[in-house]
Amino acid sequence: MLSESARATRASESRFRIDAPNARPRAIKVIALDVPSEGVLRRLAEGAWENATFLRTPAGAAPAQPVGGWLAGLAGETMNLIEEIASADTIVTLSTAGENSEMAGVVAEACRAQGKLLTALILDADGGSEANLLKTLVPLRPYAAMLVVAHGEDYVETMLTALRA
Amino acid sequence: MLRKEQNDLLTQTGPATPGGAFFRSYWLPALLAEELPEQECPPVRVKLLSERLLAWRDSQGRLSLMDEFCAHRGVSLWFGRNEENGLRCPYHGWKYDHTGQCIDVPSEPEESGYCKRVKLKSYPLVEKGGILWTYMGPPETQPPLPDYEFIGVKPESRFVAKRLQECNWLQALEGGIDSSHVSWLHRGELNTDPLFKGARGNQYNLGDARPVFEVVESPGGLYIGARRNAENNQYYWRITPWVMPCFTMIAPRGNHPVHGHFWVPIDDENCWAWSFDYHPLRALTETEVQAMQDGKGIYVKFVPGSYRPLANKDNDYLIDRAAQKAGRYYSGVEGIAMQDASLQESMGPIVDRTKENLVSTDNGIIMARHRMLKAIKSLQDKGVVPPGVDPAHHRVRSAAVVLPQDQPFKEGAREALTVREGVAPASV
């Protein structure tokens, strides 16, 4: 007689798995921290995403602490940072190696206040220098629960698809 | 989440599949050297990448890996008689040499030359580091032999084993690069397993249960760093390299040997989990080898006379609910290897990744799939040699290091992540 485990792991048993959604859609907010990353998000935003919102940080100096109107949509409309973070399930910042990523601190502080984890993605084109990467990575590290350095911008789309954005 | 066609690309490795062509770009572990111990020893059935093969060693000790079945009537040559530099089918006496070339068809006149027209498909089989390696791709693209560090150390500094795992290879590999499961599934073993306990690094592990992860691409695959807080504003890093298609190494602990895995498809629903331990500077101690033989660390106890784990799906992995309740084994299954294997097998032969819900800490898995899918497509469309074929990509190490907080681990541990002759692994 087959054991419970032997019986349950047969390929033929797979067809009895319940075919119903096993999770509610998650709201994923992707925030570009620099101008090149904003360009990446603009290209991505042309795709069909069900659960992703693409945002950018405004030009100028970062405020000392999170403020309501400090965030923008890709069309330039003002967005409320605190509300956006509060309504997100997953928050991803996108940076480009060599660019300033200090704005991450403001986003991270809003995440901390809301008990949300921050994922930081750095695009480091092949052949990029270590100094460039370091400039962007060091300010991000204290805040990111997951930090990914990817060579190609196609990874952003892959990651968002994998996360069901 | 993966789309079905992506899941198929990564999980199907049989002949004439894109994933099969990808795997056939590499030298792969096929057998333990101990399975063909001497000339004219009994042949061994081998299934790799969904191909039924036979491994044997002829009268001169030459290794052979060829089609399992006689070209005449399809009899398994596992019943063959290993004699005078050939394997003779016991049914009608057709005889093959180590290249698969038929050298005798007794029913045909010798001068007819008929036997020269008959040749079984065969693949090169080479012994290196206690493993018999094969390359199953086109001869014209055969790469140089593998050059992983554990292969090159003295035999007394190395221990290699394999075990059957009854699920698709990708489920096993993804367990190997999924650092976030360790704090849960294996939490009971850090202070008790003889091949892990006693390292200072364990205290960092146990003192900070919420590691932070960084994933960085490498020429051959990935580095996956797990970071925990250490004293004096430093970070304790455990860094796992993955080299395509299926090589992973676990970060070392103290002066224990370093260990790692290959996950090699047998067919689409089974794989070999190869495990190795080595120390580049010293012989393994008798105690360490005994622990490995006893199924400690990343090893298992076997069903006698086989490479099937003693705890397997047919006996519900000998699950011990009392030990689970007491917290000795978090899943109730004993031993790190079977804790992983039992859960990966429970997903089914090939898990349906369209239904999964990955989270940010799964970026190592997401990136590995991404890189493999790109490599498969580049090979298929343009014939681009995938990462991990070049032996230079094999010269990696795992590492456990303490670094200043502002240092990228790939920079701070650059030397530690590379094989350095005469230098001990970076370990804490």
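Tabulated data
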{"quantity": "Residue in the range B:275-282 that is of a type in the set (Asp, Glu), modelled with pLDDT of 95 or more and surrounded by fewer than 17 Cβ atoms within 10 Å (Cβ to Cβ) present", "calculated": "no"}
{"quantity": "Checklist (1) part of a loop (DSSP other than H, G, I, E, B); (2) surrounded by 19 or more Cβ atoms within 10 Å (Cβ to Cβ) applied to A:Met1, failing item", "calculated": "(2)"}
{"quantity": "Number of the exception - B:Arg353 against (1) over 19 Å from the mean Cα position of the chain (by Cα); (2) under 24 Å from A:Ser3 (Cα atoms); (3) surrounded by 17 or more Cβ atoms within 10 Å (Cβ to Cβ)", "calculated": "(2)"}
{"quantity": "Residue satisfying condition, being under 17 Å from B:Pro139 (Cβ atoms) and crowded, with 17+ Cβ neighbours inside 10 Å, within set B:Leu32, B:Leu28, B:Leu36", "calculated": "B:Leu28"}
{"quantity": "Conditions (1) within 14 Å of chain B (Cβ to nearest Cβ); (2) out of contact with any Leu (no Cβ under 9 Å at 6 or more places or on another chain); number of the one not met by A:Ile28", "calculated": "(2)"}
{"quantity": "Yes/no for A:Ala64 being surrounded by fewer than 23 Cβ atoms within 10 Å (Cβ to Cβ), touching a Lys or Arg at 6+ places or on another chain (Cβ under 7 Å) and part of a loop (DSSP other than H, G, I, E, B)", "calculated": "no"}
{"quantity": "Hits in the range B:392-402 - residues which are open to solvent by less than 40 Å² (accessible area, probe 1.4 Å) and either in a loop (DSSP other than H, G, I, E, B) or within 11 Å of chain A (Cβ to nearest Cβ) (or both)", "calculated": "B:Arg397, B:Ser398"}
{"quantity": "Close pairs from the range B:404-428: first under 24 Å from A:Leu133 (Cα atoms) and open to solvent by 60 Å² or more (accessible area, probe 1.4 Å), partner part of a loop (DSSP other than H, G, I, E, B) and of a type in the set (Val, Ile, Thr), Cβ under 9 Å, at least 6 apart", "calculated": "B:Glu415/B:Val423"}
{"quantity": "Residue check, B:Leu10 in contact (Cβ under 8 Å) with a residue 12 or more places away in the chain and open to solvent by less than 10 Å² (accessible area, probe 1.4 Å)", "calculated": "yes"}
{"quantity": "Count of residues meeting criterion [part of a loop (DSSP other than H, G, I, E, B), in contact (Cβ under 8 Å) with a residue 40 or more places away in the chain and under 19 Å from B:Ser179 (Cβ atoms)] in the range B:348-370", "calculated": "3"}
{"quantity": "Elements of type helices (runs of 4 or more DSSP H) in the range B:256-346, at least 2 residues being of a type in the set (Asp, Glu)", "calculated": "B:286-293, B:336-346"}
{"quantity": "Residue check, A:Leu133 touching a Cys at 6+ places or on another chain (Cβ under 8 Å) and at the interface with chain B (Cβ under 9 Å from one of its Cβ atoms)", "calculated": "no"}
{"quantity": "Flag if A:Gly128 is over 21 Å from B:Asp362 (Cβ atoms), open to solvent by 10 Å² or more (accessible area, probe 1.4 Å) and modelled with pLDDT under 95", "calculated": "yes"}
{"quantity": "Verdict on B:Leu53 being of a type outside the set (Gly, Ala, Ser) and in a helix (DSSP H, G or I)", "calculated": "no"}
{"quantity": "Leading residue by the ranking (most open to solvent (accessible area, probe 1.4 Å)) among those in the range B:85-128 that are in a strand (DSSP E or B) and within 17 Å of B:Pro42 (Cα to Cα)", "calculated": "B:Arg88"}
{"quantity": "Residue list for the range B:171-221, filter: of a type in the set (A, V, I, L, M, F, W, C) and either in a loop (DSSP other than H, G, I, E, B) or in contact with a His (Cβ under 7 Å, 6 or more places away or on another chain) (or both)", "calculated": "B:Ile177, B:Leu190, B:Leu195, B:Phe196, B:Ala199, B:Ala209"}
{"quantity": "Top-ranked residue of the range B:300-337 - restricted to ones that are in contact with a Phe, Trp or Tyr (Cβ under 7 Å, 6 or more places away or on another chain) and touching a residue at least 24 places away in the same chain (Cβ under 8 Å), ranked as farthest from A:Arg10 (Cα to Cα)", "calculated": "B:Tyr330"}
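The values are calculated or read from the model by the stated rules, or taken from the named source; none is laboratory data. What you see is a predicted model, and the numbers here were worked out from it, not measured in a lab. Using ideal geometry, Cβ is built from the backbone for each residue, glycine included, and neighbour counts are taken over all protein chains shown. Side chains are part of the model used for accessible areas, which takes the heavy atoms of the whole protein and leaves out ligands, DNA and RNA. Shrake-Rupley method; radii C 1.70, N 1.55, O 1.52, S 1.80 Å.
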